[in-house]
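Written below as structure tokens is the structure these notes are about.
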Amino acid sequence: MEQAKKAYLLLANGKVFEGYSFGAQGKTIGEVVFTTGVVGFQETLTDPSYCGQIITQTFPLVGNYGINGEDFESSRSYAKGYIVREWCDAPSNFRMTEDLDQFLKEQGVIGLYGIDTRALTRILRENGVMNGCITTELPEDKTQLLQEIADYRVASAVEETSCKESQPFPVEGSKYTIALYDFGYQYSIRRWLNRLGCSVVVVPPLTNAQEIKELHVDGIMLSNGPGDPADNQAIIANLKELAKTGLPILGAGLGHQMMALAMGGETAKMKHGHRGGNQPVTDLDFGTTFITSQNHGYTVTSIPQEMGRISHVNANDQTCEGVRYTVFPCVTVQFHPAVCSGPRDTDGLFREFVELIEKTKEDAVCR
């Protein structure tokens, strides 16, 4: 391995961490967040929900099983940077095609290793997520750089991470076809719908209700995605119209948040968010608690009573994790229902969605 070059993380509060550079070289500014996932680093790096963010892994050793493209959650990495305590330069896995350093170089993601990630995580937990900069050249006078860091904001994230044209993913002999709205979706959502026997049509984020009707789909899936849900006013207005179609809707992550806003609810930014594969969620309707994989920095704070009810809460901090709507067939959740690296406790949610489709069709026949 080449001699590592010194690199630095400068936080918005002026705190500096000194470590070493790996991956792509240069300077990057982003929102610094942390994830508690023990495995699944390549799914994390390719999750579009991290668009505009510098990811910190709390688990100390990352990369020991290398990179395998079959487990990616999107076509590329949208992360602004990647921070680890230690990365493995000699991974071992019969499925791997390259190591973490090579992947970051190819993706243009600037990496930093050799810092105290526990100390960094504590700062983010106590003070909240904040902007930061990874650089190999730290100026003596940091005034201008600190201003650049302060001015940074994740913007146009859905536009950057979503598709521009519809893409069909048929299943032979499928009973139902689902329109999957791409707000920066994870491949695992589409794969899981396919495994349940549903054909999927991935559609751009502003596909209107009439276009959905012309596709003759049986249900709608609103995907996860990056950024502040309130930034997507055109999409939110479109969701109001989609709700009027009567088609069953399942939402996840950003899709959950934007549907809440479309129905008159409210959202707010969290102090440090939920990111990792170990978040306990309680289904208030069934009294069950299960472990979920999550990646979000915003949360739904209210839903009008006449529209629906909060149906899931986080068992740790009691924040909203799901909504079941009563005025139209729709259930949305904050967590990621089917990620490759996470728990499979949430499989039942997709089956609930399929059952909702079946019931809606039965009700239509009865009319």
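The values are calculated or read from the model by the stated rules, or taken from the named source; none is laboratory data. No experiment lies behind these values; they were computed from the predicted model shown. Heads up, the Cβs are rebuilt from the backbone with ideal geometry, glycines too, and the neighbour counts pull from every protein chain shown.
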### Query
Can you tell me which residue in the stretch 191-215 is nearest to LYS244 (Cα to Cα), limited to those that are touching a residue at least 24 places away in the same chain (Cβ under 8 Å) and among the basic types (Lys, Arg)?
LYS213
### Task
Among residues belonging to the stretch 200-230 that are surrounded by fewer than 23 Cβ atoms within 10 Å (Cβ to Cβ) and within 22 Å of TYR298 (Cα to Cα), point out the one that is farthest from the chain's Cα centre (by Cα).
LEU206
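Quickly run through the stretch 131-145 and pick out the residues that are closer than 15 Å to THR28 by Cβ and either loosely packed, with under 13 Cβ neighbours inside 10 Å or hydrophobic (A, V, I, L, M, F, W, C) (or both). Can you show your working first?
Of the residues in the stretch 131-145, the ones closer than 15 Å to THR28 by Cβ are 131-138, 145.
If the condition is that a residue be closer than 15 Å to THR28 by Cβ and either loosely packed, with under 13 Cβ neighbours inside 10 Å or hydrophobic (A, V, I, L, M, F, W, C) (or both), then CYS133, ILE134, GLU137, LEU138, LEU145 are the ones that fit.
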### Query
How many of the residues making up the stretch 25-56 are over 21 Å from ALA338 (Cβ atoms) and charged (D, E, K, R)?
2
### Task
Pick out the one residue from GLY63, GLY69, GLY30 that is among the small types (Gly, Ala, Ser), in contact (Cβ under 8 Å) with a residue 60 or more places away in the chain and outside the structural domain of SER223 (by TED's automatic domain parsing).
GLY30
### Query
Of GLY173, GLY197, which residue is surrounded by fewer than 16 Cβ atoms within 10 Å (Cβ to Cβ) and either in contact with a Lys or Arg (Cβ under 7 Å, 6 or more places away or on another chain) or not assigned by TED's automatic domain parsing to the domain that holds LEU356 (or both)?
GLY197
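Hey, any hits in the stretch 178-185 for a residue that's out of contact with any Ser or Thr (no Cβ under 8 Å at 6 or more places or on another chain) and among the β-branched types (Val, Ile, Thr)?
no
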### Task
Determine whether the stretch 105-113 contains at least one residue that is within 30 Å of THR207 (Cα to Cα) and in contact (Cβ under 8 Å) with a residue 40 or more places away in the chain.
yes
### Message
So, in the stretch 244-260, exactly how many residues are over 15 Å from the mean Cα position of the chain (by Cα) and buried (at least 21 other Cβ atoms within 10 Å of the Cβ)?
### Response
6
